[in-house]
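The values are calculated or read from the model by the stated rules, or taken from the named source; none is laboratory data. Every value quoted in this text rests on a predicted model; they were computed, and no experiment measured them. Virtual Cβ from ideal backbone geometry, glycine too; neighbours counted across all protein chains shown. These area figures cover heavy atoms from the full protein model, side chains too; ligands, DNA and RNA do not enter into them. Shrake-Rupley method; radii C 1.70, N 1.55, O 1.52, S 1.80 Å.
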Amino acid sequence: MAISAKLVKELRETTGAGMMDCKKALQETDGDMDKAIEFLREKGMSKAAKKADRIAAEGLAHIELDGNTAVILEVNCETDFVTKNDQFKQLLSELGKHLVKQQPETVEEALSQPLHGDGDTVEKYISATVGKIGEKISLRRFSLMNKTDNDAFGAYLHMGGSIGVLTLLEGTTDEELAKDIAMHAAAVSPRYVSRDDVPEEEVNSEREVLKTQALNEGKPEHIVEKMVEGRLGKFFEEICLLEQNFVKDPDQKVKKYVSDKGAEVKTFTRYAVGEGMEKREENFAEEVKNQMKK
(Lines give C-alpha, C1' and ligand atoms only; values in the text may rest on other atoms or scores of the structure.)
Protein backbone atom coordinates (compact mmCIF):
# COMPACT_ATOMS: atom_id res chain seq x y z
CA MET A 1 0.00 0.00 0.00
CA ALA A 2 1.05 3.61 -0.57
CA ILE A 3 2.37 5.27 2.59
CA SER A 4 1.66 8.98 2.94
CA ALA A 5 4.34 11.45 3.99
CA LYS A 6 2.00 12.61 6.78
CA LEU A 7 1.91 9.09 8.26
CA VAL A 8 5.70 8.81 8.08
CA LYS A 9 6.06 12.18 9.79
CA GLU A 10 3.66 11.17 12.57
CA LEU A 11 5.54 7.92 13.23
CA ARG A 12 8.87 9.72 13.18
CA GLU A 13 7.65 12.27 15.74
CA THR A 14 6.26 9.49 17.94
CA THR A 15 9.35 7.25 17.91
CA GLY A 16 12.27 9.52 17.01
CA ALA A 17 13.43 6.93 14.46
CA GLY A 18 14.82 7.85 11.03
CA MET A 19 12.53 8.76 8.13
CA MET A 20 13.42 5.75 5.96
CA ASP A 21 13.09 3.40 8.96
CA CYS A 22 9.63 4.81 9.63
CA LYS A 23 8.59 4.39 6.01
CA LYS A 24 9.81 0.79 5.97
CA ALA A 25 8.04 0.03 9.25
CA LEU A 26 4.74 1.36 7.87
CA GLN A 27 5.16 -0.62 4.65
CA GLU A 28 5.89 -3.81 6.58
CA THR A 29 2.80 -3.33 8.77
CA ASP A 30 0.38 -2.11 6.06
CA GLY A 31 0.18 1.36 7.56
CA ASP A 32 -0.84 0.20 11.07
CA MET A 33 0.66 2.82 13.41
CA ASP A 34 0.73 0.64 16.56
CA LYS A 35 2.30 -2.29 14.73
CA ALA A 36 4.81 0.07 13.10
CA ILE A 37 5.84 1.38 16.52
CA GLU A 38 6.31 -2.20 17.73
CA PHE A 39 8.27 -3.00 14.56
CA LEU A 40 10.66 -0.12 15.26
CA ARG A 41 10.99 -1.16 18.90
CA GLU A 42 12.03 -4.62 17.81
CA LYS A 43 14.47 -3.11 15.36
CA GLY A 44 15.78 -0.87 18.12
CA MET A 45 16.40 -3.87 20.29
CA SER A 46 18.36 -5.65 17.58
CA LYS A 47 20.43 -2.50 17.13
CA ALA A 48 21.06 -2.46 20.86
CA ALA A 49 22.29 -6.05 20.79
CA LYS A 50 24.89 -5.17 18.13
CA LYS A 51 26.17 -2.34 20.31
CA ALA A 52 26.39 -4.41 23.50
CA ASP A 53 30.15 -4.95 23.22
CA ARG A 54 31.02 -1.29 22.79
CA ILE A 55 32.65 0.75 25.55
CA ALA A 56 30.22 3.13 27.22
CA ALA A 57 32.14 5.16 29.80
CA GLU A 58 30.68 8.60 29.15
CA GLY A 59 27.30 9.61 30.52
CA LEU A 60 25.66 11.57 33.32
CA ALA A 61 24.67 11.24 36.94
CA HIS A 62 21.09 12.23 37.77
CA ILE A 63 19.25 12.86 41.04
CA GLU A 64 15.50 12.49 41.52
CA LEU A 65 13.75 13.71 44.68
CA ASP A 66 10.23 12.65 45.60
CA GLY A 67 9.13 13.69 49.09
CA ASN A 68 11.01 11.57 51.61
CA THR A 69 12.66 9.38 48.96
CA ALA A 70 15.58 10.22 46.70
CA VAL A 71 17.77 8.40 44.21
CA ILE A 72 21.09 9.12 42.54
CA LEU A 73 21.85 7.14 39.39
CA GLU A 74 24.49 6.90 36.69
CA VAL A 75 23.65 6.17 33.06
CA ASN A 76 26.48 5.56 30.61
CA CYS A 77 26.78 6.12 26.87
CA GLU A 78 29.62 6.03 24.36
CA THR A 79 30.24 9.72 23.60
CA ASP A 80 29.89 13.03 25.35
CA PHE A 81 27.69 14.27 22.47
CA VAL A 82 24.83 12.00 23.49
CA THR A 83 24.66 13.47 27.01
CA LYS A 84 23.39 16.71 25.42
CA ASN A 85 20.65 14.86 23.53
CA ASP A 86 17.10 15.61 24.75
CA GLN A 87 16.13 11.94 24.40
CA PHE A 88 19.03 10.94 26.65
CA LYS A 89 18.00 13.55 29.22
CA GLN A 90 14.43 12.26 29.04
CA LEU A 91 15.74 8.75 29.66
CA LEU A 92 17.54 9.95 32.80
CA SER A 93 14.38 11.61 34.07
CA GLU A 94 12.17 8.58 33.40
CA LEU A 95 14.64 6.20 35.05
CA GLY A 96 14.92 8.49 38.07
CA LYS A 97 11.14 8.65 38.47
CA HIS A 98 10.87 4.88 38.10
CA LEU A 99 13.59 4.09 40.64
CA VAL A 100 12.30 6.49 43.27
CA LYS A 101 8.78 5.01 43.07
CA GLN A 102 9.49 1.31 42.48
CA GLN A 103 12.58 1.16 44.73
CA PRO A 104 14.32 -1.94 43.30
CA GLU A 105 17.30 -3.31 45.22
CA THR A 106 19.60 -4.01 42.27
CA VAL A 107 20.18 -2.87 38.69
CA GLU A 108 19.09 -6.32 37.48
CA GLU A 109 15.81 -6.02 39.35
CA ALA A 110 15.27 -2.50 38.01
CA LEU A 111 15.82 -3.62 34.41
CA SER A 112 13.26 -6.41 34.74
CA GLN A 113 10.54 -4.16 36.21
CA PRO A 114 7.78 -2.65 34.04
CA LEU A 115 8.62 1.05 33.57
CA HIS A 116 6.59 3.03 36.15
CA GLY A 117 4.95 -0.26 37.12
CA ASP A 118 3.09 -0.71 33.84
CA GLY A 119 3.92 -1.79 30.29
CA ASP A 120 7.33 -2.61 28.81
CA THR A 121 10.29 -3.33 31.07
CA VAL A 122 12.96 -0.76 31.89
CA GLU A 123 15.41 -2.83 29.84
CA LYS A 124 13.16 -2.61 26.76
CA TYR A 125 12.72 1.13 27.31
CA ILE A 126 16.49 1.62 27.36
CA SER A 127 16.88 -0.59 24.25
CA ALA A 128 14.25 1.47 22.41
CA THR A 129 16.23 4.61 23.23
CA VAL A 130 19.40 2.94 21.96
CA GLY A 131 17.55 2.34 18.69
CA LYS A 132 16.72 6.04 18.40
CA ILE A 133 20.08 7.46 19.48
CA GLY A 134 22.34 4.83 17.94
CA GLU A 135 24.73 4.33 20.87
CA LYS A 136 25.12 1.79 23.64
CA ILE A 137 23.37 3.11 26.76
CA SER A 138 23.34 1.39 30.13
CA LEU A 139 22.06 1.96 33.66
CA ARG A 140 25.26 1.39 35.61
CA ARG A 141 24.26 1.95 39.24
CA PHE A 142 21.93 3.76 41.60
CA SER A 143 21.52 4.45 45.30
CA LEU A 144 18.19 5.06 47.04
CA MET A 145 17.76 7.03 50.27
CA ASN A 146 14.78 7.48 52.57
CA LYS A 147 14.33 10.18 55.20
CA THR A 148 11.79 11.52 57.69
CA ASP A 149 10.06 14.90 57.66
CA ASN A 150 12.72 16.12 60.11
CA ASP A 151 15.67 15.42 57.79
CA ALA A 152 17.07 16.94 54.60
CA PHE A 153 18.41 15.70 51.28
CA GLY A 154 21.23 17.57 49.61
CA ALA A 155 21.52 17.22 45.83
CA TYR A 156 24.39 18.52 43.73
CA LEU A 157 25.33 17.85 40.10
CA HIS A 158 28.69 19.19 38.91
CA MET A 159 29.06 20.21 35.25
CA GLY A 160 25.53 19.04 34.49
CA GLY A 161 26.13 15.58 35.93
CA SER A 162 29.76 14.55 35.38
CA ILE A 163 29.84 14.23 39.17
CA GLY A 164 26.74 13.77 41.30
CA VAL A 165 26.38 13.75 45.09
CA LEU A 166 23.34 12.98 47.21
CA THR A 167 23.54 13.58 50.98
CA LEU A 168 21.18 12.82 53.85
CA LEU A 169 21.36 15.01 56.96
CA GLU A 170 19.42 14.17 60.11
CA GLY A 171 18.22 16.65 62.69
CA THR A 172 17.70 19.46 60.18
CA THR A 173 15.40 20.38 57.31
CA ASP A 174 17.96 22.86 55.93
CA GLU A 175 18.32 21.75 52.30
CA GLU A 176 20.94 24.42 51.60
CA LEU A 177 23.14 23.01 54.37
CA ALA A 178 22.68 19.52 52.95
CA LYS A 179 23.54 20.81 49.46
CA ASP A 180 26.68 22.52 50.80
CA ILE A 181 27.85 19.18 52.18
CA ALA A 182 27.08 17.57 48.81
CA MET A 183 29.17 20.24 47.04
CA HIS A 184 32.01 19.61 49.48
CA ALA A 185 31.88 15.87 48.76
CA ALA A 186 31.91 16.56 45.02
CA ALA A 187 35.05 18.70 45.38
CA VAL A 188 37.04 16.71 47.95
CA SER A 189 35.92 13.16 47.15
CA PRO A 190 35.65 11.50 50.58
CA ARG A 191 34.96 7.76 50.64
CA TYR A 192 33.38 7.42 54.08
CA VAL A 193 31.28 9.57 56.43
CA SER A 194 33.36 8.99 59.59
CA ARG A 195 36.31 7.04 60.98
CA ASP A 196 33.90 4.42 62.28
CA ASP A 197 32.86 3.59 58.71
CA VAL A 198 36.38 2.72 57.53
CA PRO A 199 36.85 -1.09 57.45
CA GLU A 200 39.26 -2.32 60.13
CA GLU A 201 41.40 -4.17 57.59
CA GLU A 202 41.91 -0.95 55.61
CA VAL A 203 43.02 0.90 58.75
CA ASN A 204 45.37 -1.93 59.76
CA SER A 205 46.85 -2.07 56.26
CA GLU A 206 47.49 1.68 56.28
CA ARG A 207 48.96 1.45 59.79
CA GLU A 208 51.45 -1.19 58.60
CA VAL A 209 52.45 0.90 55.57
CA LEU A 210 53.01 3.98 57.76
CA LYS A 211 54.98 1.95 60.30
CA THR A 212 57.27 0.57 57.59
CA GLN A 213 57.76 4.06 56.14
CA ALA A 214 58.71 5.46 59.56
CA LEU A 215 61.18 2.64 60.25
CA ASN A 216 62.69 3.07 56.78
CA GLU A 217 63.21 6.75 57.61
CA GLY A 218 65.42 5.59 60.46
CA LYS A 219 63.08 6.75 63.23
CA PRO A 220 63.63 5.17 66.65
CA GLU A 221 61.17 2.34 67.25
CA HIS A 222 59.92 3.79 70.53
CA ILE A 223 58.51 6.86 68.77
CA VAL A 224 57.31 5.10 65.62
CA GLU A 225 53.94 4.15 67.14
CA LYS A 226 53.23 7.76 68.07
CA MET A 227 54.24 8.92 64.60
CA VAL A 228 52.02 6.31 62.97
CA GLU A 229 48.94 7.43 64.95
CA GLY A 230 49.63 11.04 63.93
CA ARG A 231 49.93 10.10 60.27
CA LEU A 232 46.78 7.97 60.52
CA GLY A 233 44.97 11.19 61.38
CA LYS A 234 46.03 12.58 58.00
CA PHE A 235 44.83 9.37 56.35
CA PHE A 236 41.38 9.76 57.92
CA GLU A 237 41.27 13.43 56.83
CA GLU A 238 41.76 12.34 53.23
CA ILE A 239 38.99 9.73 53.16
CA CYS A 240 36.43 10.69 55.86
CA LEU A 241 33.93 13.47 55.20
CA LEU A 242 33.57 14.57 58.84
CA GLU A 243 37.35 14.81 59.31
CA GLN A 244 37.88 17.14 56.34
CA ASN A 245 38.25 20.91 56.36
CA PHE A 246 34.99 22.30 55.00
CA VAL A 247 35.60 23.81 51.55
CA LYS A 248 33.44 26.89 52.23
CA ASP A 249 35.12 27.49 55.61
CA PRO A 250 38.52 25.73 55.75
CA ASP A 251 39.06 26.78 59.38
CA GLN A 252 36.34 24.32 60.43
CA LYS A 253 35.98 20.58 60.08
CA VAL A 254 32.81 19.40 58.35
CA LYS A 255 31.82 17.64 61.59
CA LYS A 256 31.85 20.89 63.60
CA TYR A 257 30.21 22.93 60.85
CA VAL A 258 27.29 20.50 60.69
CA SER A 259 26.98 19.86 64.44
CA ASP A 260 26.96 23.61 65.19
CA LYS A 261 23.73 23.71 63.17
CA GLY A 262 22.24 20.84 65.18
CA ALA A 263 22.59 18.39 62.32
CA GLU A 264 24.34 15.10 61.59
CA VAL A 265 25.50 13.60 58.30
CA LYS A 266 23.77 10.24 58.06
CA THR A 267 25.09 9.15 54.67
CA PHE A 268 26.15 10.30 51.20
CA THR A 269 26.69 8.82 47.76
CA ARG A 270 29.13 10.32 45.27
CA TYR A 271 29.25 9.22 41.63
CA ALA A 272 31.96 10.38 39.24
CA VAL A 273 30.77 9.24 35.81
CA GLY A 274 32.90 6.51 34.29
CA GLU A 275 35.15 6.05 37.35
CA GLY A 276 36.75 2.62 37.32
CA MET A 277 35.59 1.92 33.76
CA GLU A 278 37.70 1.37 30.68
CA LYS A 279 37.84 4.54 28.59
CA ARG A 280 38.03 4.47 24.84
CA GLU A 281 41.28 5.95 23.53
CA GLU A 282 40.07 8.34 20.87
CA ASN A 283 40.82 11.95 20.07
CA PHE A 284 38.21 14.67 19.72
CA ALA A 285 38.49 14.91 15.92
CA GLU A 286 37.80 11.19 15.56
CA GLU A 287 34.84 11.47 17.92
CA VAL A 288 33.35 14.24 15.76
CA LYS A 289 33.87 12.17 12.61
CA ASN A 290 32.21 9.15 14.18
CA GLN A 291 29.28 11.23 15.36
CA MET A 292 28.77 12.68 11.89
CA LYS A 293 28.63 9.17 10.38
CA LYS A 294 25.62 8.23 12.53
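In this simple spin-label model, placing a label point 7 Å from the Cα along the Cα-to-Cβ direction at both GLU229 and SER4 gives a separation of 8.5 nm. Quick one: pull the percentage of alpha-carbon pairs in segment 170-281 with a separation above 22 Å. More than 22 Å apart: 46 percent of the Cα pairs in segment 170-281. In order along segment 196-210, phi translates into HN-Hα couplings of 4, 7, 6, x, 4, 5, 5, 5, 5, 4, 5, 4, 5, 4, 5 Hz, rounded to whole numbers, per the Karplus curve 6.51 cos²θ - 1.76 cosθ + 1.60 with θ = phi - 60° and x for Gly and Pro.
Size descriptors for segment 146-191, from the alpha-carbon set: Rg then Dmax equal 10.6, 30 Å. Accessible surface computed residue by residue for the chain, with neighbouring protein chains in place and a 1.4 Å probe, gives 55 Å² per residue. Here the peptides 22-30, 73-81, 227-235 are ranked by packing, the mean other Cβ count within 10 Å, and the order with the highest first is 73-81, 22-30, 227-235.
From Cα pairs below 8 angstrom and at least 6 apart in sequence, can you work out the relative contact order of the chain, rounded to a whole percent? Worked out over the chain, it gives 18 percent. When the Cα positions of PHE88, VAL122, ALA110 are compared along the charge dipole of segment 1-143, PHE88 comes out farthest toward the positive end, with charges on each C-beta of Lys, Arg, Asp and Glu. For LYS266, the amide hydrogen comes within under 5 Å of the amide hydrogens of LEU168, LEU169, GLU170, counting only partners 5 or more places away or on other chains and with H modelled in the peptide plane. Among GLU201, GLU105, GLU238, the residue with the largest mean-square fluctuation in a Gaussian network model of the chain, with springs joining Cα atoms closer than 10 Å, is GLU201. Between ASP80 and ASP118, the simple spin-label model (points 7 angstrom out along Cα→Cβ) gives 4.1 nm. With the largest listed first and rounded to whole Å, the semi-axes of the equivalent ellipsoid of the chain from the Cα gyration tensor are 48, 23, 15.
Label positions at MET159 and LEU215, each projected 7 Å from the Cα along the C-beta direction, are separated by 4.3 nm.
Based on the Cβ-Cβ distance from SER205 to LYS266, what FRET efficiency comes out when R0 is 25 Å, to the nearest 0.05?
Numbers: r = 27 Å, r/R0 = 1.08.
My answer for the efficiency is 0.40.
Rounded to the nearest 20 debye, the dipole magnitude of the chain is 1120 debye, with +1 charges on Lys and Arg beta carbons, -1 on Asp and Glu beta carbons, and the Cα centre as origin. Just check segment 1-42 against the gyration tensor rule for me: Cα atoms, a ≥ b ≥ c as the square roots of the eigenvalues, rounded for a/c under 1.5, and otherwise prolate or oblate depending on whether a/b exceeds b/c. It is oblate, given that a/c is not under 1.5 and a/b is not larger than b/c. Considering only GLY16, GLY154, GLY131, the Gaussian network model of the chain with Cα springs below 10 Å gives its largest mean-square fluctuation to GLY16.
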